[in-house]
Amino acid sequence: MSAGYRGAGQRDEISFGNLGAEPLPDKISQAAGGASPAIATSGLSKRFRGGQLAVDSIDLAVSRGCVYGFLGPNGSGKTTTIRMLLGLVQPTSGDQELLGVSMPAGANTVLSRVGSLVEGPAFYSQLSGKANLARYDAADRTADRRTAEARISAALDRVGLLSAARKHYRAYSLGMKQRLAIAAGLLGPRELLILDEPTNGLDPQGTREVRGLIREIAAGGTTVFVSSHLLAEVEQICSHVGVMRTGKLVFQGTLEQLRGRGATRILVRTAQPARAAEVLAGLGLQDVQAGQDEASAQLGEQPPEEVCAQLVHAGVPVAGLATPRPSLEDLFVQLTGEGFDVDG
Amino acid sequence: MAEVSGPMAGASGPAADLTGTRLDPVRQPGYRAGPVIHWIRFLCSELSLIFLRWRNLALLAVLAAIPVLIGVALKLSASPAGGGSGQGPAFIGQVAGNGVFLALLSLTVLLTLVLPLVVAVVAGDSVAGEAGHGTLRYLLAIPAGRTRLLGIKYVAVVIFCLAACGVVTAMSLAMGAALFPVGPVTLLSGTTISLGAGLLRLVFVTLYVAGAMAALAAIGLAVSTLTEHPIGAIAAVLVLALASEVTDSVPQFAVVHPYLPTHWWLSFDALLRSPIAWPELLHGLTSFGIYVIIFGAIAWARFTTADVTS
């Protein structure tokens, strides 16, 4: 966690551009004007036969061309949502559209434009990687048999498996299996790629490769909807995020909007922390703390430059001033619950 | 589903009205092959999965080996006095006189357990195996189409049934010709027909048995859609077949006998009479057809609505 996670150490020097940004959970600015959204659901719910409400009335809005990170702890309903989007699971209630086509009614027409990776790779262990892709390609009514060979090779090449194309699937490493699953999603031209935990089980190199691949695919205009519980992952590739908690969509918006939600602190580096703390408290800031050579407080609505001026005015030697943004992890935990408190 | 409301409608804007009539903007360019070609391609893929699987090849090898065993056993035990004193399965007495009967004997023997077992394995595995492997979710997300996938699965299993019965007949004929004299065939009704006509009847017998197995396969397909554990599906189909055979052999249950799935399996001897005993034959074929329709419908109803969570 700590190795790949950059958010914790991020400090923006006096940045307050997003302080006033209100999260807009239900709306995402339409990137492609006029085109139907890549994914749109309204009141989408799933109650399994056991009575468990896995997904509770979620309104997803994924505009075309964005990379949408679908976050949430394990068991928060991400995979069930993805299964509903792909028509594998019938919603209990609510409407959903993929690329403007109502699902699951339009599954047979729209899904050929959607590549997917659901809950890990699944292939025929007795077949080679190439034969496995040929099998899935044969099942696709819209795939051209004459170009199959070329498309399969291209897909394998794209994920770096061309040299292992004739190897049996059972001899593949976990990372190769995962990459083959992504290749299966790239057999045809896709407008939308739905990837459920695409970096699960990958080593750091593999994770980097998959990230690069997702960026490349997105750069080509394909909308990517990627679920993950790895925040660092999402932070690096996604423009928009949705956060699930026990079946509910508790946040939806851009990554910036998510960051803007957090309470920003002000951190003063000084030789006189006690004095600085007094000034901060005097300004009415909450949660004032004094350390060895720094003092900090919740910034609230105060402009940081104003606080700085007051400190200097009070004669506090200010060696440095920072408004560290709350890390994405902090925000995530705020939204989804702490450790073992995670409900569900 | 046509009208969307709330934030979804807001997000999709005016495009939402076009939802129903939108044409796919991106298709693979210039490609407009008919559905039949795609059907055949998918079927070939399915058949290669079935026939290139070692387990299934081993099952076919067992089916091929049993006529050899029976033939050799009969050759070794063949006493000039003729052992056909009413003991053992039908046709056992005729084999020494005409190798063609080895095929009928083999089919009769194998129908009690081995053929149903082989068919149960392949049919029970058809959908449950894909579900158990997780490949079902990918096939459906491609999308293979649920009805289409089920249809392909069933056709492929029926082709396997034909192959299984064909292997038995072909192997028996080869062994019969190698070990015993072969000549004009004396039918059960006493008339003798030429070898060619006899072989034609044998082809029909094989098709009839394959039909019986196709009915069992429909039951297997239906059971297979109920679970993601192929072993469970296979066992269930086999238990059903055996329970039916046991019930069929208990005279007290005579009332239900005609309705049992296995009751008409051995009625292929209707084809070995002159003239052919049509009523019995049609009874059998009707029974198979009804089982295919009922269990095919169950499989379809289940498979097209089930949540795929494997």
More than 32 Å apart - percent of Cα-Cα pairs taken over chain B: 40
Could you give the length gained by full extension between B:VAL255 and B:TRP278, i.e. 0.36 nm per residue of separation minus their alpha carbon distance, to one decimal place? 6.1 nm
Can you check how the C-alpha radius of gyration of the protein assembly as shown compares to 2.2 N^0.38 Å, as a plain ratio? 1.31
Among DSSP bridges having both ends in the protein assembly as shown, what percentage is antiparallel? Round to the nearest 5. 65
Need the C-alpha centroid separation for segment A:104-169 versus segment B:119-166, integer Å. 18
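With each run of n ≥ 4 DSSP H residues scored as -39500 (n - 2.57), what mean residue ellipticity at 222 nm is computed for chain A after dividing by its residue count and rounding to the nearest 500 deg cm²/dmol?
Working: 11 runs with 105 residues, N = 344.
When only DSSP H runs of four or more count, the value is -9000 deg cm²/dmol.
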Expressed in nanometres to one decimal, the distance between label points 7 Å along Cα→Cβ at B:ALA61 and A:ALA281 is 8.6
Inter-centroid distance (Cα atoms) of segment A:170-230 relative to segment B:278-309, Å: 41
Shielding by partners - mean other protein chain Cβ count within 10 Å, residues of A:141-149: 5
Measure of size requested: the Rg and Dmax of segment A:7-260, with Cα atoms as the atom set and Å as the unit; please supply both. 18.5, 59
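Rounded to the nearest 5, what is the percent of antiparallel bridges among the DSSP beta bridges in segment A:7-260? Don't jump to the answer; show the numbers that get you there.
On the way: 20 of 38 bridges.
Percentage antiparallel, nearest 5: 55.
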Using only DSSP helix segments of four residues or longer, with each worth -39500 (n - 2.57), what per-residue ellipticity at 222 nm results for chain B after dividing by its residue count and rounding to 500? -21500 deg cm²/dmol
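Sort the following peptides by mean Cβ neighbour count (other Cβ atoms within 10 Å, averaged over residues), highest first: B:185-192, B:56-63, B:199-206, A:194-201. Write down the numbers at each step before the final one.
Working: B:185-192: 14.2, B:56-63: 16.0, B:199-206: 17.6, A:194-201: 22.1.
Most protected by this proxy first, the peptides run A:194-201, B:199-206, B:56-63, B:185-192.
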Inter-label distance, nm, simple model (7 Å from Cα along the C-beta direction), B:THR304/A:GLN205: 5.0
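Taking the convex hull of the Cα atoms, report for segment A:134-178 its projected area averaged over all directions, in nm². Walk me through the numbers on the way to the answer.
Details: hull surface 13.6 nm².
Across all orientations, segment A:134-178 yields a mean hull projection of 3.4 nm².
Taken together, the values in this text are just the output of simple stated rules run on the coordinates, not laboratory data. Note that the structure is predicted; figures quoted are calculated from it, not measured. When we count neighbours, we look across all protein chains shown, and the Cβ atoms used for this are built from the backbone with ideal geometry, even at glycine.
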